[in-house]
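Trainee: There's a structure below that I have some questions on.
The values are calculated or read from the model by the stated rules, or taken from the named source; none is laboratory data. Small disclaimer: the values here were computed from a predicted structure and weren't measured. Counting neighbours? That spans all protein chains shown, and the Cβs are built from the backbone with ideal geometry, glycine included. Each accessible area value is taken on the protein alone, full model and side chains, heavy atoms only, with ligands, DNA and RNA left out. Shrake-Rupley method; radii C 1.70, N 1.55, O 1.52, S 1.80 Å.
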Number of protein chains: 2
Amino acid sequence: MTIKALNDVEIPQVCRSCSARHDGMCASLTPAELGVLATHTRHTHHRPGEALAIESDEITSYANVTDGVVKLSRVLRDGRQQLVGLQFAPDLMGRLFGTESPITAEAASEVDLCRVPKLVLETLVAGSNELKRRLLDQSLQELDEAREWMVTLGRKTAAERVASLLLLVASRTAGGSEASPVSFELPLGRGDMADFLGLTIETVSRQISKLRNEGLVTIENHRHVTVPDLAALRRRAG
Amino acid sequence: MTIKALNDVEIPQVCRSCSARHDGMCASLTPAELGVLATHTRHTHHRPGEALAIESDEITSYANVTDGVVKLSRVLRDGRQQLVGLQFAPDLMGRLFGTESPITAEAASEVDLCRVPKLVLETLVAGSNELKRRLLDQSLQELDEAREWMVTLGRKTAAERVASLLLLVASRTAGGSEASPVSFELPLGRGDMADFLGLTIETVSRQISKLRNEGLVTIENHRHVTVPDLAALRRRAG
DNA sequence: TTCCCGATTTGATCCGGATCAAGGAGTTAA
DNA sequence: TTAACTCCTTGATCCGGATCAAATCGGGAA
């Protein structure tokens with residue numbers, strides 16, 4: 001038996017190649033805790049556009065995003081919609097200790113979730129200082145990102161907003177690497193981009209064309225983006 | 001010795017009438033913990049406009065807002081500014097466990113703070129489950145508010161934004177009461193309102209005049225606001 | 001392959017809020 | 001008292017992004 005095998009001996013099979021296990025919430029758990037957790041989880045797959053949680057619905061479970069991208073949104077009574085965040089693997093979805101979801105969550109791409117019943121996770125959180133600390137860190141991180149985005153929505157021009165979104169997706173999907181060129185797949189269509197940026201579809205499309213003409217990005221099939229110079233795009237993002 | 005005296009026997013004098021003690025962070029502490037904390041705190045007063053923390057400065061302490069209102073903001077390189085939040089008593093200011101402040105904090109009104117050295121609070125947090133839980137709750141609350149405001153910035157008209165801000169201030173300063181009429185003092189001038197709403201001073205001023213003409217609010221001395229019908233204002237806020 | 005249909009791009013025009021400009025109204029200092 | 005200042009309001013004009021309206025692209029089904 002190798003040392004690796006010894007270390008892994010109690011790690012549940014389904015967790016071994018999971019991103020949450022390595023970089024997410026589950027990295028804060030002992031093998032024993034992970035074993036308990038794994039007996040309660042349920043893995044689900046979702047198609048783009050599928051609703052995962054509806055605003056003001058009762059919360060009955062949390063879920064780790066193990067693959068794909070989830071859109072978080074709110075709508076006004078008359079239908080105007082605003083995306084308020086994106087969640088990538090291995091983020092934890094769900095308002096901790098909340099009783100009803102303050103927002104709607106929807107699959108942006110093909111999404112895999114690892115769902116945990118509400119009470120199971122809350123019990124685990126109560127018993128683990130390290131987990132509590134990690135979840136506090138994640139929520140503070142999300143708060144920083146939300147405030148950053150408030151600047152984008154309140155004070156940036158249309159072109160700067162689009163550039164900001166491309167940078168956001170690049171940083172979350174093209175592995176934190178800062179080296180140019182990067183290339184990645186957009187998880188959002190033009191309509192969702194517009195709803196995230198507080199713009200219309202037409203304006204998003206025009207500004208993407210403009211960034212393309214300025215040589216800041218190359219785009220194939222509307223979704224595949226290449227950024228030759230990240231620093232230049234960052235300057236363009238305000 | 002009365003029962004009240006018995007209960008209060010270990011409560012530090014300065015904490016007895018403090019809002020943080022009753023509704024804020026300190027309500028989660030035992031008298032003993034509070035006693036330790038109080039030996040490390042320093043009370044400071046600040047004039048409107050005074051900087052309390054600067055973006056990317058090192059964090060050396062946290063502070064409970066014990067009176068007044070604090071503006072949180074970010075600025076772009078070219079000077080465009082966006083307020084990203086307001087803190088009222090008894091909120092705790094400061095990015096927990098962060099090493100540098102992600103935002104700038106500035107006194108909006110006359111402000112009283114109760115400052116705690118970074119390490120003292122972090123030690124206390126590490127040792128208190130209840131405190132950790134309360135701070136997690138506060139940060140989740142702030143996250144919800146930030147996302148709510150993203151909707152305001154991304155999708156509402158100028159008049160709706162102004163109405164939203166009046167409602168926000170009303171709910172935080174006129175004591176959670178839902179009964180109309182309410183009346184309160186605006187802690188922000190027109191310029192700060194504009195920076196919070198992603199508008200210009202002139203537009204804020206015009207929209208306030210419009211709301212006044214519609215009979216939704218009455219305003220004296222530019223700062224003192226009376227809302228005869230909260231529900232009507234809420235409808236106007238989108 | 002061809003047809004179909006939703007997504008995207010592009011063009012023309014419109015309008016809400018920005019910008020530029022002027023005029024109160026309250027406050028502090030001399 | 002006036003002068004100088006800051007803050008707010010109101011008016012006139014401009015412009016960035018919304019809206020309305022066609023093309024055009026791309027992917028899936030037969």
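Trainee: Run the count for the protein assembly as shown, please: Lys pairs, Cα-Cα under 26 angstrom, 8 or more apart or on different chains.
Mentor: 18
Trainee: In Å, what Rg and Dmax follow from the Cα atoms of segment A:156-236?
Mentor: For segment A:156-236, the Cα radius of gyration and maximum Cα-Cα distance read 11.4, 31 Å.
Trainee: Springs between alpha-carbon atoms under 10 Å, Gaussian network over chain B: tell me which of B:228, B:117, B:181 tops the mean-square fluctuations.
Mentor: The residue with the greatest mean-square fluctuation here is B:181.
Trainee: Report, in deg cm²/dmol and to the nearest 500, the calculated mean residue ellipticity at 222 nm for the protein assembly as shown, where each DSSP H run with n ≥ 4 adds -39500 (n - 2.57) and the sum is divided by the residue count.
Mentor: Details: 18 runs with 200 residues, N = 476.
The helix-only estimate for the protein assembly as shown comes to -13000 deg cm²/dmol at 222 nm.
Trainee: Still on this model: Of B:17, B:183, which has the most accessible area and how do the rest follow, probe 1.4 Å?
Mentor: Values: B:17 110, B:183 60 Å².
I get B:17, B:183, largest accessible area first.
Trainee: Hey, got the average number of other protein chain Cβ atoms within 10 angstrom for residues in B:125-136?
Mentor: Working: counts 3, 2, 1, 0, 4, 0, 0, 6, 6, 0, 4, 9.
Neighbouring Cβ atoms belonging to other protein chains average 3 per residue here.
Trainee: Follow-up question, since we're still on this one. With no solvent and one point on each alpha carbon, what is the Debye value of log10 I(q)/I(0) for chain A at q = 0.08, 0.09, 0.11, 0.15 Å⁻¹?
Mentor: The Cα Debye sum returns log10 ratios of -0.34, -0.43, -0.63, -1.07.
Trainee: With every protein chain left in place, what is the accessible area per residue of the protein assembly as shown in square angstrom, probe 1.4 Å?
Mentor: Working: 21630 Å² over 476 residues.
So the protein assembly as shown comes to 45 Å² accessible per residue, rounded to a whole number.
Trainee: What is the pair-distance distribution P(r) of the protein assembly as shown, computed from all Cα-Cα distances in 20 Å bins starting at 0, with each bin given as a whole percent?
Mentor: Reading upward from the zero bin: 21, 53, 24, 1, 0.
Trainee: Further question on the same structure: For chain A, what is the charge dipole size about the Cα centre, in debye to the nearest 20, if Lys and Arg each add +1 at the Cβ and Asp and Glu each add -1 at the Cβ?
Mentor: I would put it at about 540 debye.
Trainee: Could you tell me which residue out of A:169, A:25, A:213 lies farthest along the dipole of chain A toward its positive end? Charges go on the beta carbon: Lys and Arg +1, Asp and Glu -1, centred on the Cα centre.
Mentor: A:213
Trainee: Let me ask something else. May I ask which residue of B:88, B:108, B:184 lies farthest towards the positive end of the charge dipole of chain B, with charges of +1 (Lys, Arg) and -1 (Asp, Glu) on Cβ and the Cα centre as origin?
Mentor: Towards the positive end, the residue furthest out is B:184.
Trainee: Where does the charge balance sit around residue B:155 when Lys and Arg score +1, Asp and Glu -1, over other residues with C-beta under 12 Å from its C-beta?
Mentor: Details: positive: A:74, A:77, A:80, B:156, B:161; negative: A:78, A:195, B:148, B:160.
With Lys, Arg at +1 and Asp, Glu at -1, the net is +1.
Trainee: Please work out how much accessible surface residue B:132 shows to a 1.4 Å probe, ignoring ligands, DNA and RNA, in Å² rounded to 10.
Mentor: Residue B:132 exposes around 20 Å² with every protein chain in place.
Trainee: Now a separate question. Please average, across the residues of B:82-91, the number of beta carbons from any other chain that are within 10 Å of each residue's own beta carbon, and give a whole number. Don't skip to the answer; put the middle values down first.
Mentor: Numbers: counts 9, 4, 9, 4, 0, 0, 0, 0, 0, 0.
Taking all residues of B:82-91 together, the mean is 3.
Trainee: Another question, if that's okay. Can you tell me the order of B:40-50, B:199-209 when each peptide is scored by its average per-residue count of other Cβ atoms within 10 angstrom, highest first?
Mentor: On the way: B:40-50: 14.1, B:199-209: 16.7.
Taking the mean over residues of other Cβ atoms within 10 Å, the ranking is B:199-209, B:40-50.
Trainee: Now for a different question. Using a 1.4 Å probe on the protein heavy atoms, what percent of the accessible area of the protein assembly as shown belongs to carbon and sulfur?
Mentor: Values: 11120 of 21630 Å².
For the protein assembly as shown, the apolar C and S fraction of the accessible surface comes to 51 percent.
Trainee: So for segment A:156-236, averaging the separation of alpha carbon pairs under 8 Å that are six or more residues apart and normalising by length, what relative contact order in percent results? Write down the numbers at each step before the final one.
Mentor: Details: 94 pairs, mean separation 32.2, N = 81.
Once divided by the residue count of segment A:156-236, the mean separation gives 40 percent.
Trainee: Sticking with this one: If you take the accessible area of A alone, add that of B alone, and subtract the area of the pair, what total do you get in Å², probe 1.4 Å, to the nearest 100? Before the final figure, lay out each step's value.
Mentor: Numbers: alone 12920 and 12910 Å², together 21630 Å².
For chain A against chain B, roughly 4200 Å² becomes buried.
Trainee: Hey, for residue B:17 with labels 7 Å out along Cα-Cβ, what do the inter-copy distances come to in nm, ordered shortest first?
Mentor: In nanometres, ordered from closest: 6.6.
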